[in-house]
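Just below is one structure, and these are the notes that go with it.
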Amino acid sequence: MGSTKKSGKFIQGRMLVTLTAPHSMVSEQFRTLRTNIEFSSPDKEIRSITITSASPSEGKSTTAANLAIVFAQTGKKVLLIDADMRKPTMHYTFGISNYRGLSTVLTKQWRLESAVNKTRISGLDVLTCGPIPPNPAELLASQAMDSLLVEFKKRYDIVIMDSPPILSVTDGQILANKCDGSILVLNSGKTDKEMALKAKSTIIASNTTLIGVVLNNLAMPNNVYYYN
């Protein structure tokens with residue numbers, strides 16, 4: 001997906017459509033997704049969300065980034081975490097260093113305050129993955145990760161985590177289990193029904209709430225105005 005480098009900390013391209021084209025139909029759909037999340041659980045406030053997919057290249061990272069932006073645009077304090085320790089991308093998306101991040105905080109090489117990146121979007125902070133560790137699943141399943149999540153919820157209104165594809169490695173299941181809810185991102189032109197159902201079952205088996213599904217690249221007839 002193409003991007004255009006701008007001055008400052010951002011690589012603003014189609015990936016951050018809610019920032020570069022806030023009045024577009026796509027941006028409106030991200031705001032609709034935000035609203036649906038807010039109303040999805042009347043008895044339990046959703047404070048932490050895992051964004052995953054069935055397989056790679058389905059748009060989960062783009063969804064996580066734009067969802068974080070639209071939440072911040074409502075005045076909430078938002079932390080976006082790149083918890084995909086296999087193939088991190090958020091440092092590219094936001095044009096920030098990946099020298100330190102989640103992996104270095106979990107291994108106590110850096111303090112959380114030094115690893116979190118402020119953005120020029122009011123209310124939005126980003127914690128990149130950091131150097132890719134040899135044992136991602138072990139780090140994510142650790143007590144240190146549990147303690148971090150508790151600390152995150154003290155500091156932020158909502159925490160959004162970009163996780164690896166749920167069917168590729170166990171990391172996605174581990175993260176889903178630790179969060180209040182999960183969103184499954186599917187590509188209408190790529191994900192077959194069997195994979196989608198398997199991904200759904202895997203999330204549910206992780207003992208988390210499946211908030212909903214985001215369907216990317218859905219072809220609509222030219223004479224249909226897509227609103228919902």
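When the residues of the stretch 85-116 are filtered to those that are aromatic (Phe, Trp, Tyr) and part of a loop (DSSP other than H, G, I, E, B), the one that is surrounded by the fewest Cβ atoms within 10 Å (Cβ to Cβ) is Tyr99.
Pairs needed: first member in the stretch 47-67, within 20 Å of Met145 (Cα to Cα) and in contact (Cβ under 8 Å) with a residue 24 or more places away in the chain; second member anywhere, acidic (Asp, Glu) and buried (at least 24 other Cβ atoms within 10 Å of the Cβ); C-beta distance under 6 Å; at least 6 residues apart or different chains. Partner pairs satisfying both residue conditions: Ile51/Asp162; Ala64/Asp162. The set of residues in the stretch 76-127 that are of a type in the set (S, T, N, Q), closer than 20 Å to Lys60 by Cα and touching a residue at least 60 places away in the same chain (Cβ under 8 Å) comprises Thr89, Thr93.
Here Val70 does not fit the description of being β-branched (Val, Ile, Thr), under 22 Å from Arg47 (Cβ atoms) and in contact with a Gly (Cβ under 8 Å, 6 or more places away or on another chain).
Restricted to the stretch 117-211, the set of helices (runs of 4 or more DSSP H) holding at least 2 residues that are more than 27 Å from Asp43 (Cα to Cα) and in contact with a Leu (Cβ under 7 Å, 6 or more places away or on another chain) comprises 136-140, 193-205.
Could we say that Asp157 is modelled with pLDDT of 95 or more, loosely packed, with under 15 Cβ neighbours inside 10 Å, under 27 Å from Val116 (Cβ atoms) and not small (Gly, Ala, Ser) here? In short, no. Scanning the stretch 61-84 for residues that are among the β-branched types (Val, Ile, Thr), in contact with a strand residue (DSSP E or B) (Cβ under 9 Å, 6 or more places away or on another chain) and outside any strand (DSSP E or B) yields Thr62, Thr63, Ile69.
For the stretch 14-45, a residue qualifies if it is at pLDDT below 85 and either part of a helix (DSSP H, G or I) or of a type in the set (A, V, I, L, M, F, W, C) (or both), and the qualifying residues are Arg14, Met15.
Tell me which of these Ser168 doesn't satisfy, since it passes every other one: (1) closer than 14 Å to Thr50 by Cα; (2) out of contact with any helix residue (DSSP H, G or I) (no Cβ under 6 Å at 6 or more places or on another chain). Result: Ser168 passes all but (1). All but one of (1) assigned to a loop (DSSP other than H, G, I, E, B); (2) farther than 23 Å from Pro136 by Cβ hold for Glu58; state the number of the condition that does not hold. Just one mismatch for Glu58, condition (2).
Scanning the stretch 160-177 for residues that are farther than 19 Å from Gly212 by Cβ and either surrounded by 24 or more Cβ atoms within 10 Å (Cβ to Cβ) or not hydroxyl-bearing (Ser, Thr, Tyr) (or both) turns up Pro164, Val169, Asp171, Ile174. Please tell me if Thr128 is within 12 Å of the chain's Cα centre (by Cα) and either surrounded by fewer than 21 Cβ atoms within 10 Å (Cβ to Cβ) or among the hydroxyl-bearing types (Ser, Thr, Tyr) (or both). So Thr128 fits the description; yes.
The values are calculated or read from the model by the stated rules, or taken from the named source; none is laboratory data. None of the values given here were measured: they were computed from a predicted structure. All Cβ positions, glycine included, derive from the backbone under ideal geometry; neighbour counts span all protein chains shown.
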